Amino acid sequence: MPLDSTLTSPKTLRFQVGGLSCAGCVGRSQKAMAAIGGVAEAGVNLATGQATVEYSFPATPELIRAATAKAGYPAEMADISLDVAGATCASCVLRIETALNAVPGVAESAMNLANGRAKVTVYSGAASRADLVRAVEGIGYSVENTGAGDATPKDRHAETAAAVWSSLILAAILTLPVFVVEMGGHIFPAIHNLVANSIGMQTSHMLQFILTTIILVGPGRTFFTKGFPALIRRAPDMNSLVALGASAAWAYSTIATFAPTILPEGSRNVYFESAAVIVTLILLGRYLEARAKGRTGDAIKGLLALAPETATVERDGKTSTMPLEAVRTGDIIHIKPGERLAVDGSVVSGNSFIDESMITGEPIPVEKTKGDGVTGGTINGTGALTYTATAVGRDTMLARIVTMVEDAQGTKLPIQGLVDKITAWFVPAVMVLATLTVITWLTFGPDPALSFALVAGVAVLIIACPCAMGLATPTSIMVGTGRGAELGVLFRRGDALQTLQDVKVVALDKTGTLTAGHPELTDLILAAGLNETSILPILAAVENQSEHPIARAITVAATEKGMNLPKVTDFKSLTGNGVQAKVDKKLVLIGADRLMAAQDIELGALAGAGVALGKLGKTPLYAAIDGVAVAAIAVSDPIKPTSKAAIDALHAQGLMVAMLTGDNAATARAIADQLGIDYVVAEVLPKGKVDAITSLREAHGKIAFVGDGINDAPALAQADVGLAVGTGTDIAIEAADVVLMSGDLRGVVNAFEISRRTMTNIRQNLFWAFGYNVVLIPIAAGALYPFFGLLLSPALAAGAMAMSSVFVVTNALRLRFIKPALEAK
């Protein structure tokens, strides 16, 4: 019997993973999940701590959770309680639990019929309270505590930073006397003499032992509780390196303090300050890193903050304020001046201007009247609006944008493959190098060889930094894609960031991409002695009787200028030629030149004007009143004002620009000449666009295609990078890799700029991360000692290691300040 399609269909699970500290952790957690049958792809983002798993039968969330836990990286879980009203029997309980368990990200649920409370355990970051409320309400029950908290922490990095800060302060307080007494005594003889002549060196060492031990079992215990179990599992990570280094320094010093005769004469030194400073400095690094990593998600937090917490909703004739989670499709929502719109919808009544800049990047407010669509998160102007909710929760534009950005931020770029391969063996290799360092110093080092060996071995363990390598790519992706969202460029696939930098050709659709997508009256050339005020209302009145798009363009031009249209009689459509009608008993003809020729109407100078308009890619028409030509009219799909500047900017980046269109060749060529487009393919169907993309790729290299219509979907999918204009169809957007919310080509230029800057930033991070380890590990091992007599202190090694991760994250944060390549006007 074949399996149910609901079982075999691919699913996506996202959840927070605990215990991650370096790139090696990422690799091991991914490997554990990928080993499960049915898992197609598993990715873990070190910067966010989020795992994204694509899976199907026989894999299940429970198996995935168990695999990560066994590998030492347990899924973070959260409990949500819902007060459910309307449950009356065991059947209700089963229905509610079934609905809750069907929500992606729910691990288990239990409904208590006695107290009406459902307790739901979810994967942190995978399911929200709002998702659960909608599931319960969707089967006919209601939830009474919808305004309660959520399972997903608002700022996990802030919580982490706060926890690390507490440990850091305690560690620093305890470390200071150890450092001052021991290191100060080496640097300033007066301090050494003071300690020796007051409490004595043995007492000093014992006090250092007590303070350092408290540091290791208190603020520093996380390194040992995570590092040693990882060693036992034969999967060492950064915590293992710190734990080994600190415990080696502590153990050696403890022996030197309490059983010095075990050690050779001259080697009975203590290094308690190294163990204490190692823990303190690495805690400092983790605190700074957590704070910096928290800022990498500012774009997501900014987007989420756009949604108001409550909405004024009208139901059954009654208006009340309710939590956003309680808003349902079909609700009537009232918006006052200055308020943020709660959800997406369609205006029922009222008139106002909406600031949509946070969604589209366009600075000019857009007028909204009855029938117009509005977007949740945008800001109402001075008018009041009433609208019907058409999309709520995860279906809103804002939620979809957040999802797109999160998906892109969780993507692993091809460049990350090299990092993964190296980090898979990095920590074990460092442990081997540390062992070889100790052996080398013991064999060839000067007296006291054992002390030198310990210092060098611990320094090697501590200075190695897999964290910086693991953070190099994901932090840049997070900040770069987040900044892109703020500029109206949404990367649906994060790997488009890397692919865009290799693109050689940008192919553009014409209608709706280069042009406005609808005909407009662009030219009205009048015969001598006539004026627009007297002629345009007559022409518009006649065309108002027709449903032809060109006729509508002429009518709209007059009504937008506030012109009153006269009464029309005897209207007649002349198929293929134009229209005729009477206005104030005068016969008005509007149509092509062949209509004028058939009526023996002499066009005179207007004929030349019409020919010139045709050469510009416009459609020329003529108008005559009582047999006398009065005007040459041009109706066309106007080029968007920003198209020319965008194409010039693409050329400045060394890109070839092509246009692929189904329009006629003359019009396409005329537009291409105006815009400076290099290559034109006209009069092609969707399949022809795909073929053209293939040919251009073979001739010039990787190609990006920009389009907006249903007919562009195949081309968007065929291109190396597909960019959909956000004003286009959902089908085009779904087929694209990048969505341009601004609706014009400035977004294309900005997408290339974001790609270039982000990839440059990633290379800088990788260069630092790898270069740091390549240069400093040999120095820590003692490479400079034979030449300069210098040996790196483990404390300095800890400081360098801590700062390497902070450097990488801070460098990535510079992407927050990317300026748009073409500013919105």
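The values are calculated or read from the model by the stated rules, or taken from the named source; none is laboratory data. Every value quoted in this text rests on a predicted model; they were computed, and no experiment measured them. Using ideal geometry, Cβ is built from the backbone for each residue, glycine included, and neighbour counts are taken over all protein chains shown. To get the accessible areas, we keep the full protein, side chains included, count just its heavy atoms, and leave off ligands, DNA and RNA. Shrake-Rupley method; radii C 1.70, N 1.55, O 1.52, S 1.80 Å.
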Checklist entry - Looking at region 452-474, is at least one residue open to solvent by 10 Å² or more (accessible area, probe 1.4 Å) and within 30 Å of Ala735 (Cβ to Cβ)? => result yes
Checklist outcome for this item: When region 589-606 is checked residue by residue, the ones that are closer than 22 Å to Pro519 by Cα and outside any loop (DSSP other than H, G, I, E, B) are Leu589, Ile590, Gly591, Asp593, Arg594, Leu595, Leu606
Checklist entry - Which residue, of Ala527, Ala541, Ala507, Ala485, is within 30 Å of Val26 (Cβ to Cβ) and out of contact with any Asp or Glu (no Cβ under 6 Å at 6 or more places or on another chain)? => result Ala485
Checklist outcome for this item: Within region 162-201, residues modelled with pLDDT under 80 and either within 16 Å of Leu284 (Cβ to Cβ) or assigned to a loop (DSSP other than H, G, I, E, B) (or both) come out as Phe188
Checklist entry - Quick one: would you say Thr261 is open to solvent by 30 Å² or more (accessible area, probe 1.4 Å), of a type in the set (Val, Ile, Thr) and in contact with a strand residue (DSSP E or B) (Cβ under 8 Å, 6 or more places away or on another chain)? => result no
Item to check | One residue from Gly361, Gly317, Gly350 being at positive phi and modelled with pLDDT of 90 or more | outcome: Gly350
Next on the checklist: If I filter region 26-84 down to residues being of a type in the set (Phe, Trp, Tyr) and open to solvent by 20 Å² or more (accessible area, probe 1.4 Å), which single residue comes out as nearest to the chain's Cα centre (by Cα)?
Outcome noted: Tyr55
Item to check | Filter result for Gly771 (open to solvent by less than 40 Å² (accessible area, probe 1.4 Å) and in contact with a Gly (Cβ under 8 Å, 6 or more places away or on another chain)) | outcome: no
Item to check | Pair list, Cβ under 7 Å, 6 or more apart: region 680-697 residue among the charged types (D, E, K, R), other residue part of a loop (DSSP other than H, G, I, E, B) | outcome: Glu683/Gly662; Glu683/Asn664
Next on the checklist: Show the residue pairs meeting these rules: Cβ distance below 7 Å; 6+ apart or different chains; first residue within region 591-608 and over 12 Å from Ile625 (Cα atoms) and of a type in the set (D, E, K, R); second residue modelled with pLDDT under 90 and assigned to a loop (DSSP other than H, G, I, E, B).
Outcome noted: Arg594/Asn577
Next on the checklist: I'd like to check which strands (runs of 3 or more DSSP E) are fully inside region 445-538 and have at least 3 residues that are at pLDDT 90 or above and in contact with a helix residue (DSSP H, G or I) (Cβ under 8 Å, 6 or more places away or on another chain).
Outcome noted: 505-509, 520-526
Item to check | Condition check for Ala623: part of a helix (DSSP H, G or I) and open to solvent by less than 50 Å² (accessible area, probe 1.4 Å) | outcome: no
